[in-house]
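Computed from the coordinates by the stated procedures, all read-outs in this text should not be read as laboratory data. None of these values were measured; they are calculated from a predicted model. Glycine gets a Cβ as well: all are built from the backbone with ideal geometry, and neighbour counts include every protein chain shown.
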Amino acid sequence: MKREALLDHLRKAPRWDVLVIGGGATGLGCAVDAAARGHRTLLLEAHDFAKGTSSRSTKLVHGGVRYLAQGRIGLVREALAERATLLRNAPHLVHPQRFVVPVYRQWDRLVLGLGLSAYDWLAGARSLGASRLLSPADTLAALPGLCRDGLVGGIAYMDARFDDARLAVTLMRSVFDHGGLALNYLPVTALTHTNGKVTGVAAQDSETGESFAIEARVVINAAGVWADAIRRLDSTTAPGQLAPSQGAHLVIDRDFLPGDAALLIPKTSDGRVLFIIPWQGKVLLGTTDTPRHEMLLEPRPLASEIDFILDTASRYLARPPGRADVRSAFAGLRPLIGASQGGATSALSREHVIQVSGSGLVSVAGGKWTTYRHMAQQIIDRAELAGGLPARPCPTATLALHASPAAASNDVFGTDRSAVDALPGAGIPLHPALTLTEAEVRYAARFELARDVEDILARRNLALFVDAAAASTAAPAVARILAEELGWSDTRRRERTAAFVDLAHGFMAGPD
Ligand SMILES: Cc1cc2nc3c(=O)[nH]c(=O)nc-3n(C[C@H](O)[C@H](O)[C@H](O)COP(=O)(O)OP(=O)(O)OC[C@H]3O[C@@H](n4cnc5c(N)ncnc54)[C@H](O)[C@@H]3O)c2cc1C
């Protein structure tokens, strides 16, 4: 899957049925859906796949206990149905996860127990196991790192977790499996209009500066928190719709919460929930809900967010974590819908809105990773209408994703199936604190469209999010392998290493 060959294909085939702008959960989901329906499908991503919000989630495929408490029954029911679909279609990436809610007042045990029974009931036949009340001893056995003072028991329930960036890369590969084309580092710079209708886009290769004029029957704007900017390319007077909210996460060592169960703190001091989840051999803590006005590509957790997460976790963990224990601190922007007039973004809807402009641009805003497939189904239904394409049934409810045991492939670009293990440097991690091997770097460069040190260390492997210092130390080795794979000069190798080291520095929480 060489970039030059893919660009050549684009030069020779400048006309498409469906063109998707944005390679996050939403855009990738749309491209898989459209390609699997048999539409000629192209996806263009400005940076790397999942560079935006889609690699910065809490990694939960869930109905959302918090949304249940807010009475958003429809959203919870839909998400629980999609949870079952994802567990079936991507069993290699999505896994059931046991959660335990510790309880310190008998009354809470009753209220939370009833709420979680309702959660079970909404999941119906798709339930991953019934919730149940736990004694204090059983709660401590499930959550060995929990503070025991005042504990009156707990409630265990089932949900699911996943690796967001890996699912994004898998969706990208699935686009190819179904005959579509997806390219990163190719931002859309303008929309083209003919007789008042959107008929294509202009895009520019970030690596070479080459411009592309691409025609499409329908263009889908799936640019996440940047969707308003694309809507303004369609009409300079399009009003802004998004009110982004930042969520921060911290990663600490596993010995703060050994065991397999995740901990849900049901009510933080700002009235939200906070998760403490075993993840990638570490523990993930999050998240926050902070209104932001700038759509930064690389948002950073605020000092106040880091302190809030550490303070909240410290009330529940027997060994309170401090800043020095943080291996990685990262933030993402939720593309929430609502005029940005201040106020709590936690109250804004997580549901999505699909709009078709007067010129036929299909824009989507909002949503969740968990529901990306169902959203994509609705978006492509609308896009078929907007683009005058034949209406074809959506096959994704039962479509096994790339590399899932049941997946089929029609990849026309000849992605070979060579296992990572057949490549040089298999099985030997590049850094003792990381799982990443030389073979995986080579595989990601050859078959997963990785173009930069960051693509490898943040999204093909999740090292940056797991341990920023270790990822920084591994950067020179990754750059050396990439230089061989991609034919980089020494200057480029040094420059890309330095850029990553600089980025990784921003993922370190700093001293107390
Ligand atoms: C802190 C936090 C925690 C979350 N936790 C969960 C969770 O546990 N479970 C869950 O289900 N959901 C969760 N979500 C929600 C979920 O992550 C998002 O709904 C989802 O990732 C949004 O995907 P997206 O594709 O819409 O946006 P993005 O992932 O941001 O993708 C948009 C893409 O468009 C690209 N783009 C922008 N402009 C252009 C252009 N001109 N040309 C080409 N490309 C362009 C960007 O580079 C970007 O990659 C969480 C969100 C946050 C912020």
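Determine the percent antiparallel among the DSSP beta bridges restricted to the chain, to the nearest 5. The antiparallel fraction comes to roughly 75 percent.
Mean sequence separation of contacting Cα pairs (under 8 Å, at least six apart), scaled by the length of the chain, corresponds to a relative contact order of 19 percent. Going down the table (12/59; 282/368; 59/267; 12/51), which pairs top 31 Å between alpha carbons? Beyond 31 Å: 12/59.
Taking other C-beta atoms within 10 angstrom as a stand-in for reagent exposure, 206, 55 fall in the order 206, 55, fewest first. Scanning residues 5 or more positions from residue 16 or on other chains, those with amide H under 5 Å from its amide H are 215, 216, 217, with H placed 1.01 Å from N in the peptide plane. In the stretch 1-105, which trypsin sites (Lys or Arg not before Pro) are in a loop and have at most 12 other Cβ atoms within 10 Å, using DSSP for the loop call? Hits after loop and neighbour filter: 105.
Would you work out the Kirkwood radius for the stretch 420-505? I mean one over the mean of 1/r across all pairs of different Cα atoms, in Å. Hydrodynamic radius (Kirkwood, Cα only) of the stretch 420-505 equals 12.4 Å. Computed from point charges on the beta carbon alone (+1 for Lys and Arg, -1 for Asp and Glu), the dipole magnitude for the stretch 75-155 about its Cα centre is near 120 Debye. Our coupling estimate for the stretch 437-445, obtained by passing each phi through the Karplus curve with A = 6.51, B = -1.76, C = 1.60 and θ = phi - 60°, is 10, 4, 4, 5, 5, 5, 4, 5, 6 Hz, Gly and Pro reported as x. Tell me, what HN-Hα J-couplings in whole Hz come from the Karplus equation 6.51 cos²θ - 1.76 cosθ + 1.60 at θ = phi - 60° for each residue of the stretch 57-74, using x for Gly and Pro? Ordered by residue, 3J(HN,Hα) equals 8, 7, 6, 10, 9, 8, x, x, 4, 5, 5, 5, 4, 8, x, 8, 4, x Hz.
Along the stretch 196-208 the Karplus relation, 6.51 cos²θ - 1.76 cosθ + 1.60 evaluated at θ = phi - 60°, assigns HN-Hα couplings of x, 10, 6, 10, x, 9, 9, 9, 9, 5, 5, 7, 10 Hz to successive residues, with x for each Gly and Pro. With a sphere of radius 11 Å drawn around the Cβ of residue 430, what net charge do the other residues whose Cβ falls strictly inside it have (Lys, Arg +1; Asp, Glu -1)? Here the charged neighbours net out to -1. A simple charge model with +1 on the Cβ of Lys and Arg, -1 on the Cβ of Asp and Glu and nothing else charged puts the dipole of the stretch 420-505 at about 120 debye relative to its Cα centre. Taking N as the residue count of the chain, its C-alpha radius of gyration divided by 2.2 N^0.38 Å amounts to 0.96. Quickly work out the residue 229-to-residue 488 label distance, labels modelled 7 Å from Cα along the C-beta direction, and quote it in nm with one decimal. Going from the residue 488 label point to the residue 229 one covers 2.4 nm.
Of the residues 208, 436, 221, the one whose Cα sits farthest towards the positive end of the charge dipole of the chain is 221 (charges of +1 on Lys and Arg Cβ, -1 on Asp and Glu Cβ, taken about the Cα centre).
Relative to the Cα centre, the charge distribution of the chain, modelled as +1 at Lys and Arg Cβ and -1 at Asp and Glu Cβ, gives a dipole magnitude of about 980 debye. Other residues lying with their Cβ under 13 Å from the Cβ of residue 378 contribute a combined charge of -4, Lys and Arg counting +1, Asp and Glu -1.
Between residue 107 and residue 11, the FRET efficiency from the beta-carbon distance, with R0 = 45 Å, is close to 0.10.
Think of the chain as a dipole: +1 on every Lys or Arg Cβ, -1 on every Asp or Glu Cβ, centred on the Cα centre; then among 134, 265, 52, 134 lies furthest on the positive end.
Peptides 284-296, 107-119, 153-165, 367-379, ordered by how many other C-beta atoms sit within 10 Å of their residues on average, highest first, read 367-379, 153-165, 284-296, 107-119. Residues whose amide H comes within less than 5 Å of that of residue 262, counting only those at least five positions distant or on another chain, are 98, 99, 100 (H built at 1.01 Å from N in the peptide plane).
Projecting the Cα atoms of 287, 176, 116 onto the dipole axis of the chain, where Lys and Arg carry +1 and Asp and Glu carry -1 at the beta carbon, places 116 farthest toward the positive end. Over the residues of the chain, the helix contribution to mean residue ellipticity at 222 nm works out to -10500 deg cm²/dmol, using -39500 (n - 2.57) for each DSSP H run of at least 4. Evaluate E = 1/(1 + (r/R0)^6) for residue 311 and residue 92, where r is the Cβ-Cβ distance and R0 equals 30 Å; express this FRET efficiency to the nearest 0.05. Once the sixth-power term is evaluated, E becomes 0.25. The H on the amide N of residue 134, modeled in the peptide plane, is under 5 Å from the matching H of 154, 155, 156, each at least 5 residues off or on a different chain.
Place the peptides 217-224, 143-150, 382-389, 466-473 in order of packing, highest mean first, counting for every residue the other Cβ atoms within 10 Å and averaging per peptide.
217-224, 466-473, 382-389, 143-150
Note down the net charge around residue 295, summing +1 for each Lys or Arg and -1 for each Asp or Glu among other residues with Cβ under 14 Å from its Cβ. Intermediate values should be presented prior to the final figure.
Numbers: positive: 51, 56, 231, 232, 292, 300, 334; negative: 228, 294, 298.
Residues near residue 295 contribute +4 overall.
Remark: spin-label model distance residue 215-residue 192 equals 0.8 nm, labels positioned 7 Å along the Cα→Cβ axis.
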